[in-house]
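Undergrad: Just passing along the structure, written as structure tokens.
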Amino acid sequence: MNENVTAPLRARAEIDLAALKANVRALRAHAPEAAFMAVVKADAYGHGMIPVARAAKEAGAEWLGAATAEEALELRAAGLTGRIMCWLWVPGGPWRAGIEAGLDMGVSGMWALREVVDAARAAGRTARIQLKADTGLGRNGCLPGDWPELVREALKAQRAGFVNVTGLWSHFACADEPGHPSIAAQLTAFREMVAYAEGEGVTPEVRHIANSPGTLTLPETHFDLVRPGIAMYGISPSPEVGAPGDFGLRPVMTLKAHLALVKHAPGGLGVSYGHHYVTPGETTLGLVPLGYADGIPRHASGTAPVLIGGKRRTVAGRVAMDQFVVDLGGDEPAAGDEAVLFGPGDDGEPTAEDWAVASGTIAYEIVTRIGSRVPRVYVDEEGGTTRA
């Protein structure tokens with residue numbers, strides 16, 4: 001639906017699609033020789049999968065990346081064409097639907113290869129698969145000791161017409177920690193496992209291992225394809241790597257709410273559950289109608305910053321399910337005035353990184369956890385439209 005909208009007064013997450021497209025172009029400039037996969041898993045890290053995927057494609061992304069088959073199939077159902085990859089499978093997954101949708105499907109072990117071959121046989125179509133190497137992350141992927149069998153059996157299935165091995169890939173454990181010894185070790189292991197597979201006869205369309213920090217800081221990892229995730233949304237993968245602006249990136253999400261209540265309070269008043277905050281004297285309190293049911297971290301209780309009336313305030317007491325309180329220090333904004341939890345930081349508002357520090361987590365989690373009760377409002381100044 002394309003229309004000019006006024007967001008509901010309770011809260012909204014403004015998604016700047018012009019910023020997202022500029023981020024895609026900036027990231028592509030860091031890896032100009034590689035194809036670009038826009039990773040839109042987890043509802044595009046909370047930003048809205050379908051609008052973000054369309055914007056990323058407009059900005060030149062040749063591939064889309066999803067974690068689950070359901071996400072990838074949703075992209076296809078929305079009319080998105082071109083290469084779409086998904087990689088997190090469990091036994092009994094919708095392999096046949098993935099084959100019929102033309103997805104590239106990650107295969108990390110023999111059980112998955114057997115299931116995709118069975119599905120291809122039933123569908124009467126060739127499955128596009130990408131073999132994942134566990135080069136040291138210790139999560140999904142095939143370990144070096146099992147790699148020869150997986151390669152051998154995949155090639156046998158390819159000769160029989162059931163699969164086409166379109167890619168060889170892996171994922172870093174510590175690319176967001178500059179100089180970590182695992183980076184070089186994983187890169188060496190990846191090169192060796194790719195060389196083995198190619199020596200046996202695999203001819204992949206793409207070889208890839210670079211995530212956001214790899215794309216930004218490790219050109220030797222770019223190979224044929226890069227897979228930026230969090231950086232595409234204008235958030236640094238790690239403060240050690242650099243701030244978003246250091247790489248020409250801009251945060252895409254701004255989270256806003258409208259004060260539900262402003263009231264005068266005496267000193268000594270306990271605020272929110274547990275009375276972990278008690279007013280030190282006469283003051284004013286503002287009620288922000290967002291809580292942990294909307295994805296606001298309970299760990300932000302008493303620590304996280306909010307911009308109200310041009311000043312940074314701090315969450316006072318516990319974050320509840322639907323709301324939290326800020327001490328306004330005697331200021332008297334009106335009910336309905338805007339509270340900005342985080343955004344790009346242009347006007348003094350906190351950033352998602354500020355919330356991450358206050359909550360003892362990472363900015364990935366701050367944006368990804370914003371729930372469906374918070375409407376997304378899509379702004380694209382390039383196209384002059386607002387979409388919801």
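Undergrad: Mean separation of Cα pairs under 8 Å and 6+ residues apart, divided by the residue count of the chain: what relative contact order is that in percent? Show your work: numbers first, answer last.
TA: Values: 909 pairs, mean separation 74.4, N = 388.
Relative contact order for the chain comes out at 19 percent.
Undergrad: Shifting gears a bit: Using +1 on the beta carbon of Lys and Arg, -1 on that of Asp and Glu, and nothing else charged, what's the dipole of the chain about the Cα centre, debye to 20?
TA: 880 debye
Undergrad: I would also like to ask the following. For the range 29-47 and the range 136-214, what is the centre-to-centre distance using only Cα atoms, to the nearest Å?
TA: One Cα centre to the other: 19 Å.
Undergrad: Along the range 168-185, what does the Karplus equation 6.51 cos²θ - 1.76 cosθ + 1.60 (θ = phi - 60°) give for ³J(HN,Hα), rounded to whole Hz, x for Gly and Pro?
TA: Coupling constants for the range 168-185: 10, 7, 7, 9, 7, 8, 9, 5, 7, 10, x, x, 4, x, 5, 5, 5, 5 Hz.
Undergrad: Kirkwood Rh, the range 74-117, all Cα pairs: how many Å? Please report the intermediate quantities before stating the final value.
TA: Details: mean 1/r = 0.0911 Å⁻¹.
One over the average 1/r among Cα pairs gives 11.0 Å for the range 74-117.
Undergrad: Dipole size in debye (nearest 20) for the range 239-301 around its Cα centre, Lys and Arg Cβ +1, Asp and Glu Cβ -1? Mind showing how you got there, number by number?
TA: On the way: 4 positive and 4 negative charges, 40 e Å.
In debye, rounded to 20, the range 239-301 gives about 200.
Undergrad: Using only Cα atoms and rounding to the nearest 10 degrees, what angle (0 to 90) does helix 110-123 make with the longest principal axis of the chain?
TA: Approximately 80 degrees, to the nearest 10.
Undergrad: Among Val374, Val163, Val278, whose mean-square fluctuation peaks in a Gaussian network model of the chain (Cα, cutoff 10 Å)?
TA: Comparing Val374, Val163, Val278 in a Gaussian network model of the chain, the most mobile one is Val278.
Undergrad: Sequence-distant or interchain residues sharing an amide H contact under 5 Å with Thr314, placed H: which?
TA: Val306, Asp327
Undergrad: Then there's this: Taking the Cα centroid of the range 240-315 and of the range 344-379, what is the distance between the two, rounded to the nearest whole Å?
TA: 12 Å
Undergrad: Related question: Kindly write out, for the range 42-54 in residue order, the coupling ³J(HN,Hα) from the Karplus curve 6.51 cos²θ - 1.76 cosθ + 1.60 (θ = phi - 60°), rounded to whole Hz, with x marking Gly and Pro.
TA: 6, 6, 6, 6, x, 8, x, 5, 5, x, 5, 4, 4
Undergrad: Still on this structure: Would you mind working out the magnitude of the charge dipole of the range 1-89 relative to its Cα centre, with +1 at each Lys and Arg C-beta and -1 at each Asp and Glu C-beta, to the nearest 20 Debye?
TA: On the way: 10 positive and 10 negative charges, 22 e Å.
The dipole magnitude comes to about 100 debye.
Undergrad: Hey, another quick one. Can you give me the Kirkwood hydrodynamic radius for the range 203-349, using every pair of distinct Cα atoms, in Å to one decimal?
TA: Details: mean 1/r = 0.0571 Å⁻¹.
For the range 203-349, the Kirkwood estimate is 17.5 Å.
Undergrad: At q = 0.19 Å⁻¹, what is the log10 ratio I(q)/I(0) for the range 94-174, with the Debye formula run over Cα points and no solvent?
TA: So the normalised log intensities work out to -0.73.
Undergrad: Considering the options Phe162, Ala210, Val90, tell which one lies farthest towards the positive end of the dipole of the chain, charges being +1 on Lys and Arg and -1 on Asp and Glu at the Cβ, about the Cα centre.
TA: Phe162
Undergrad: Suppose only helical runs count, i.e. DSSP H with n ≥ 4. What mean residue ellipticity at 222 nm does that imply for the chain under -39500 (n - 2.57) per run, divided by all residues and rounded to the nearest 500 deg cm²/dmol? Kindly include the intermediate steps, with their values, before the conclusion.
TA: Values: 11 runs with 111 residues, N = 388.
Value at 222 nm, helices only: -8500 deg cm²/dmol.
Undergrad: Here's a follow-up. Subtracting the Cα-Cα distance from 0.36 nm times the residue separation, let me have the gained length for Tyr196 to Ala123 in nm, one decimal.
TA: Value of the extension gain: 23.2 nm.
Undergrad: For the charge dipole of the chain, defined by +1 on Lys and Arg C-beta atoms and -1 on Asp and Glu C-beta atoms about the Cα centroid, which residue among Gly329, Gly102, Thr68 has the Cα displaced farthest towards the positive pole?
TA: In the chain, that residue is Gly102.
Undergrad: Ok, one more. Using a Gaussian network model on the chain with a 10 Å cutoff between Cα atoms, which of Arg369, Arg159, Arg12 fluctuates the most?
TA: Taking springs between Cα atoms under 10 Å, the residue moving most is Arg159.
Undergrad: Quick one: what are the phi-derived ³J(HN,Hα) couplings along the range 15-31, Karplus 6.51/-1.76/1.60 with θ = phi - 60°, whole Hz, x for glycine and proline?
TA: 10, 8, 5, 5, 5, 4, 5, 5, 5, 4, 5, 5, 5, 4, 5, 6, 9
Undergrad: In the range 179-270, which GluC sites (Glu not before Pro) are in a loop and have at most 16 other Cβ atoms within 10 Å, using DSSP for the loop call?
TA: Working: sites: Glu192, Glu198, Glu200, Glu205, Glu220, Glu240; in loops: Glu205, Glu240.
Here the GluC sites (Glu not before Pro) that fit, given the DSSP loop and packing criteria, are Glu205, Glu240.
Undergrad: While we're here: Given Cα positions, please report Rg to Rh for the chain, the hydrodynamic radius being the Kirkwood one. Intermediate results must be reported in sequence, preceding the final value.
TA: Working: Rg = 23.5 Å, Rh = 22.5 Å.
Expressed as Rg/Rh, it is 1.05.
Undergrad: Most mobile of Asp346, Asp294, Asp354 per a Gaussian network model of the chain (Cα springs, under 10 Å)?
TA: Asp346
Every read-out reported here was derived from the displayed coordinates using simple, explicitly stated rules and does not represent laboratory data. Note that this is a predicted model, so its numbers are computed, not measured. A quick note on method: Cβ atoms are made from the backbone with ideal geometry, for glycine too, and the neighbour counts reach across all protein chains shown.
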